[in-house]
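For reference, the structure discussed in these notes is given below.
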Amino acid sequence: MASKIEGTGPVVGIVLGSDSDLPVMEEAVKVLRDFGVPFEIGVISAHRSPRRAVDYAATAEERGLQVIIAGAGMAAHLPGVLAACTCLPVIGVPLQGGALNGVDALYAIVQMPPGVPVATVAVNGALNAALLAIQMLSLGDAGLRRQFRAYKERLAEEVAVKSASLQAKMQQ
């Protein structure tokens, strides 16, 4: 069975607080492409373009999005602003930088008030954000779930190969 999302419009929105965040967020782009998940990507600042952020989140569902991934550094309000304006799941990616090297962004995203949840991954964890989005989407898509299961099996195989290689090296 093929994935239900193949051939559809974007189902994941990737939002960057600044274009300088792209090198980190490209990890999410790569994962979504590898899984064949259609996405859109853009720059929206919670502080410099707040109306645009609110409009983006408020119209995301009617545009066909199912999950939003938002990368932000320093004060990192973007994921929370988006989550406040939509019922869709929002995954926050705290980005490294600034005086506190990403810890400020991590705290800002993970400490959302009750009633406004934002899933939060590690600092610069765009890859895991995309994988989490895929897991969310796979709840209603058996084809995507099979792809994800195969991905997890490949990870386990890679570990087994590395372990065997290490054991052989240590016996020399």
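Quick look at the values:
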item: Check on residue 84, modelled with pLDDT of 95 or more and in contact with a Ser or Thr (Cβ under 7 Å, 6 or more places away or on another chain); result: no
item: Filter result for residue 8 (buried (at least 18 other Cβ atoms within 10 Å of the Cβ), within 18 Å of residue 136 (Cα to Cα) and polar (S, T, N, Q)); result: no
item: Selected residue (criterion: surrounded by the fewest Cβ atoms within 10 Å (Cβ to Cβ)) from residues of segment 69-96 that are in contact (Cβ under 8 Å) with a residue 60 or more places away in the chain and out of contact with any Asp or Glu (no Cβ under 9 Å at 6 or more places or on another chain); result: 96
item: Residue within segment 122-138 that is out of contact with any helix residue (DSSP H, G or I) (no Cβ under 7 Å at 6 or more places or on another chain), at negative phi, of a type in the set (A, V, I, L, M, F, W, C) and outside any helix (DSSP H, G or I) present; result: no
item: Failed item in (1) in contact with a helix residue (DSSP H, G or I) (Cβ under 6 Å, 6 or more places away or on another chain); (2) within 20 Å of residue 87 (Cα to Cα), with residue 51 passing the rest; result: (1)
item: First in segment 38-65 and at positive phi, second anywhere and loosely packed, with under 13 Cβ neighbours inside 10 Å, Cβ under 8 Å, 6 or more apart; result: 64/8; 64/9
item: Residue check for residue 129: of a type outside the set (Ser, Thr, Tyr), surrounded by 22 or more Cβ atoms within 10 Å (Cβ to Cβ) and within 19 Å of residue 88 (Cβ to Cβ); result: yes
item: Of residues in segment 121-148 being without any contact (Cβ under 8 Å) to a residue 40 or more places away in the chain and of a type in the set (S, T, N, Q), the one farthest from residue 36 (Cα to Cα); result: 128
item: In segment 147-170, residue modelled with the lowest pLDDT [restricted to those that are more than 18 Å from residue 128 (Cα to Cα) and basic (Lys, Arg)]; result: 169
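The values are calculated or read from the model by the stated rules, or taken from the named source; none is laboratory data. The model shown is predicted, which means the values in this text are computed figures rather than measured ones. Cβ coordinates were reconstructed from backbone atoms using ideal geometry, including for glycine residues, and neighbour counts include every protein chain displayed.
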